[in-house]
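Below is one structure, written out as C-alpha cells, with a few remarks after it.
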Amino acid sequence: MSTKKKGDRGEIIALEYLTRLKYRILQVNYRLRFGEIDIICFDLTTDQFVFVEVKSLKNENRLAITQTISKTKAHRIKMAAQTWLRKNNLEYSDWRIDFIGVVLDNSSVVHLQAAIY
C-alpha cells in the first residue's frame, strides 16, 4: 500500500471516529506553503476548535505514537492552526491540537487531546 493510500485510509477512519464523538467536521487537508492540518473540526462538548494531526501506522509497534511528530512538524501545525483561526476571524477562540494515531491492521484509534502545545 502506498504512503498516500495509507494516509488517506487513516484519515477516513479518523473522520468516522470524530463524527461518532459528535465533532463537527469543518475542513479536511487544510494546506499552506509551510504546512498542513489533516482535519479541522469543532468539539461541541468543550466548545473548542480542534486541529487534528492524523498518523497512520500499518501495524502496532513499540514506538510511542507521539514520537512520530517532530518538533518542526508540531511548530508548523501550530502556525497553520493560528493562520486558519486568523483567516476566519476566530483568533480569540478556544482551540487545541489533537493527535490521532490509526493502526491500519485493526483500525484501532489512539486519540490524544491537546497533544501539541
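Where a number appears in this text, it was derived from the coordinates with a stated rule and is not lab data. Note that the structure is a prediction, hence the values are computed from the model and not measured. We place every Cβ from the backbone using ideal geometry, glycine too, and count neighbours over all the protein chains shown.
Working only within region 73-112, note down all residues that are closer than 20 Å to THR19 by Cβ and over 15 Å from the mean Cα position of the chain (by Cα).
LEU104, ASN106, SER107, SER108
Would you check which residues across region 91-102 are touching a Gly at 6+ places or on another chain (Cβ under 9 Å) and among the hydrophobic types (A, V, I, L, M, F, W, C) and list them?
Here is the first cut: in region 91-102, the ones touching a Gly at 6+ places or on another chain (Cβ under 9 Å) are 100-102.
Correct list: ILE100, VAL102.
Only residues that are among the small types (Gly, Ala, Ser) and under 19 Å from GLY7 (Cα atoms): list them for region 81-117, please.
Taking region 81-117 first, the residues among the small types (Gly, Ala, Ser) are 81, 93, 101, 107-108, 114-115.
Selection gives GLY101, SER107, SER108.
Please go through region 10-42 and give me each residue that is more than 14 Å from the chain's Cα centre (by Cα) and of a type outside the set (Phe, Trp, Tyr), ordered by number. Walk me through it before giving the result.
Keep residues of region 10-42 that are more than 14 Å from the chain's Cα centre (by Cα), which gives 20-22, 32-34.
Listed by number, the residues that qualify are ARG20, LEU21, LYS22, LEU32, ARG33.
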